[in-house]
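These notes are about the structure you will find just below.
The values are calculated or read from the model by the stated rules, or taken from the named source; none is laboratory data. Nothing here was measured: the structure is a model prediction, and the numbers come from that model. Glycine also receives a Cβ, built like all others from the backbone with ideal geometry; neighbour counts cover every protein chain displayed. To get the accessible areas, we keep the full protein, side chains included, count just its heavy atoms, and leave off ligands, DNA and RNA. Shrake-Rupley method; radii C 1.70, N 1.55, O 1.52, S 1.80 Å.
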Amino acid sequence: PLPKRTNIVITRADREFDGAHTAHSLQEAIRMAGDDPEIFIMGGAQIYREALSVADRMYITHVERDYEGDTSFPAWDESEWQLISREAYEQGEKYPHPFAFEIYDRIK
């Protein structure tokens, strides 16, 4: 879990997660967050697709390496978002590939 933030895991399973609340839908997660100024939602591709329509800010890590897998972050319309911050690294302390942390705000 991320410190000093409300962490909500959206899942179909009936279980709990250490350091996070459990919700069974995006709407339930948003209600659970209450008046928090910023909500971080942890979930899979389906939840991210749903959250894109209501998000005002995205924190995205771009990793310059291909990985095998059957799930990825959904396509999003970059014309609706403005890049406000980017930190790029040639490699990490324990990660040998280039990556970047980016923050996008929705254009209103």
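Here are some notes:
- Whether region 55-108 is rounded, prolate or oblate, judged on the alpha carbon gyration tensor where a/c under 1.5 counts as rounded: oblate
- Dipole magnitude of the chain, debye to nearest 20 (Cβ charges: Lys/Arg +1, Asp/Glu -1, about Cα centre): 240
- With 0.36 nm allotted per residue and the present C-alpha distance subtracted, the F99-E87 stretch has 3.5 nm of extension available.
- Label zone (K4, point 7 Å along Cα-to-C-beta; backbone nitrogen cut-off 17 Å) within region 26-58: 36-40.
- Calculated mean residue ellipticity, 222 nm, the chain: -4000 deg cm²/dmol, from DSSP H runs (n ≥ 4) at -39500 (n - 2.57) each, averaged per residue and rounded to 500.
- Measuring max minus min along each principal axis, the C-alpha atoms of region 27-70 give extents of 38, 18, 15 Å (largest first).
- Computed over the chain, the alpha-carbon pair-distance distribution with 5 angstrom bins reads 2, 10, 17, 20, 21, 18, 9, 3, 0, each value a whole percent.
- For a label point 7 Å along the Cα-to-beta-carbon line of I107, residues of region 85-99 with backbone N under 19 Å: 85-86
- Rolling a 1.4 angstrom probe over the protein heavy atoms with all chains in place gives the chain an accessible area of 76 Å² per residue.
- Put a plus charge on the Cβ of each Lys and Arg, a minus charge on the Cβ of each Asp and Glu, and nothing anywhere else: the dipole of region 32-95 about its Cα centre is then about 60 debye.
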